[in-house]
1. For the structure I just gave you, tell me whether residue A:167 is over 30 Å from residue A:286 (Cα atoms) and at pLDDT 90 or above.
2. Quick check on residue B:33: is it within 14 Å of chain A (Cβ to nearest Cβ), in contact with a Cys (Cβ under 6 Å, 6 or more places away or on another chain) and touching a residue at least 12 places away in the same chain (Cβ under 8 Å)?
3. Residue by residue through region A:213-252, note down the ones that are touching a Phe, Trp or Tyr at 6+ places or on another chain (Cβ under 7 Å) and small (Gly, Ala, Ser).
4. Determine which member of the set A:189, A:179 is within 29 Å of residue A:69 (Cα to Cα), in a loop (DSSP other than H, G, I, E, B) and modelled with pLDDT of 90 or more.
5. Could you list, in sequence order, the residues of region A:219-271 that are out of contact with any Asp or Glu (no Cβ under 6 Å at 6 or more places or on another chain), within 14 Å of chain B (Cβ to nearest Cβ) and assigned to a loop (DSSP other than H, G, I, E, B)?
6. List the helices (runs of 4 or more DSSP H) inside region B:98-203, counting only whole elements, that have at least 1 residues being among the aromatic types (Phe, Trp, Tyr).
7. Condition (residue is of a type in the set (Lys, Arg), over 30 Å from residue A:305 (Cβ atoms) and touching a strand residue (DSSP E or B) at 6+ places or on another chain (Cβ under 8 Å)) applied to region A:200-207: is it met by at least one residue?
8. Going through A:127, A:110, A:171 one at a time, which residue ends up being within 14 Å of another protein chain (Cβ to nearest Cβ) and either under 30 Å from residue B:180 (Cβ atoms) or free of Cβ contacts under 8 Å to residues at least 24 places away in the same chain (or both)?
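The values are calculated or read from the model by the stated rules, or taken from the named source; none is laboratory data. None of the values given here were measured: they were computed from a predicted structure. Cβ sites come from the backbone with ideal geometry, for glycine too, and all protein chains shown count toward neighbours.
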Amino acid sequence: MIRKREVKNVSEEILNVSNISISFLQYTRGLRQNLLKVITDLTLNISSGEVIAVLGSSGSGKSLLAHAILGILPKNAQLSGEIKYKGEILDQKRKEELRGKEIALIPQSVNFLDPLMKVSDQVIGEVEDEEDKKRKKAHQREVFEKYGLSEEVDDLYPFQLSGGMARKVLVSTALLTNPKLVIADEPTPGLDDKAIEETLSHIRKMADDGVGVLLITHDINAALKVADKVAIFYSGYVIEIANVGDFSGDGERLKHPYTHALYNALPQNGFKLYKGHQPLHGEIPVGCVFNSRCPHPTESCVMVNPDLMEIGGTYVRCNKYQQSNLYG
Amino acid sequence: MELRGENLSFRYGSKNWIIKDLNITMKNNEIKGLIGDSGSGKSTLCKILAGYENNFEGSVTLAGLPLPKKGFNPVQLIFQHPEKTMNPKWRMKDSLYESWDVTDDLIEKFGIQRSWLNRWPNELSGGELQRFSVLRALSPRTKFLIADEITTMLDAVTQVQIWDLVTTIAREQNIGILVVSHDKELVNRICDDVVYLSDINNN
């Protein structure tokens with residue numbers, strides 16, 4: 001467990017994503033087009049000093065959230081809904097101004113580095129003159145030092161970095177511009193336990209220094225180790241946003257049946273079999289997306305798609321809670 | 001029946017040995033776990049055991065004989081990323097039936113929906129694709145499965161579903177499995193026996 005330090009400053013809301021949906025325009029046959037919805041309703045917010053994990057299976061489209069915030073969705077994608085950064089609406093122009101500065105990305109792998117440039121040079125990026133270069137170089141050294149990257153690393157090419165070093169380079173690069181929001185897109189797959197632990201502790205450290213972190217992952221163990229809250233992404237919807245502490249015991253504090261199933265399916269928690277599969281993109285049912293797999297479906301679940309509703313600081317999308325709310 | 005790797009050594013060119021004098025034996029009624037850190041040679045060993053890598057020293061034998069050079073390979077390797085192993089220009093049914101005449105009963109058991117058969121690989125999620133990879137490999141002629149981190153990229157619910165099916169069918173058909181993973185908890189759950197790569201690798 002990577003413990004959270006007390007955050008000194010009062011936290012402020014950095015990012016507010018409300019009801020965004022992302023669709024892709026596809027050609028099916030000839031000139032016939034089809035609009036494929038990949039994210040239907042994604043809502044979450046992040047405050048400074050907080051790590052929010054978005055947990056979803058691979059291929060579920062959760063990385064699109066990162067692309068939407070940074071304004072790098074492909075041309076055939078349509079984005080609707082609202083993304084606010086520090087209370088102001090984030091449009092394409094603003095995204096381009098902020099990305100790489102106040103909003104930074106930790107990409108999935110070293111493949112995102114330029115293989116033909118030395119680490120230090122590409123990390124510093126554009127410089128105006130010698131003076132500027134000196135200043136930026138000094139700052140880079142300072143940040144690299146903080147993450148245990150010695151001076152030799154500056155002159156290495158990406159292929160000469162070990163997995164762990166590459167990880168540190170990606171993390172410290174994201175921090176060079178003193179961002180307020182860091183998006184980490186699947187930072188752990190393919191790493192061994194030690195490297196995962198290290199990456200996660202870097203993420204925690206950032207947050208403790210006041211940065212808001214959006215951690216996009218399919219690895220529930222990683223999410224539970226470092227996040228404050230976990231948003232569960234299922235078939236294009238956020239179905240629950242739970243506190244990390246709710247993932248304990250038998251998971252009795254988790255509200256959505258899928259979150260429950262996910263927790264109890266972990267090898268260390270019973271490895272319990274739960275049947276069924278997430279509906280495919282384009283085959284999403286009318287009512288609740290989880291209806292066919294739900295242990296306690298009601299009649300309304302076939303027709304009524306529940307909204308994400310708040311219950312004591314956590315959120316759940318389930319008709320059971322909507323009804324108990326309605327009828328006391 | 002035994003799958004046996006003896007004195008296996010491998011390196012790229014004249015670089016350092018990735019694996020050196022490694023011995024491993026599996027029985028076809030056994031589910032064996034193999035744990036190793038990243039870069040420890042797990043995937044290299046998998047490729048050697050399944051006959052994908054020819055440039056190694058030592059020998060791999062199945063029931064005392066070398067692996068067949070052509071025709072169906074009774075040692076089937078399943079990879080971590082199914083989206084990289086499926087032919088992107090084939091519909092799912094073509095990829096599935098290429099391997100063997102998969103029975104409808106098994107398709108249903110695997111939770112593969114009829115509509116998925118006509119889809120392209122890029123339209124399915126990793127979990128759905130991995131069901132196809134596993135089913136493809138479970139031909140009646142298969143004697144051993146080498147499962148190289150096959151559920152690492154999947155959510156916990158799908159992970160249980162896949163392992164529940166694979167282990168049940170393997171036990172029914174006497175297929176031996178090598179479960180390669182970095183997840184000790186998972187390996188302890190499903191395997192009869194666990195070996196650590198660091199213990200059997202002499203590099």
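1. no
2. yes
3. Result: A:251, single match.
4. When all the criteria are applied, what remains is A:179.
5. A:219, A:235, A:236, A:247, A:251, A:265, A:266, A:270, A:271 - these are the residues of region A:219-271 that are out of contact with any Asp or Glu (no Cβ under 6 Å at 6 or more places or on another chain), within 14 Å of chain B (Cβ to nearest Cβ) and assigned to a loop (DSSP other than H, G, I, E, B).
6. Qualifying helices (runs of 4 or more DSSP H): B:126-137, B:156-173.
7. Within region A:200-207, one or more residues are of a type in the set (Lys, Arg), over 30 Å from residue A:305 (Cβ atoms) and touching a strand residue (DSSP E or B) at 6+ places or on another chain (Cβ under 8 Å).
8. Answer to the selection: A:110.
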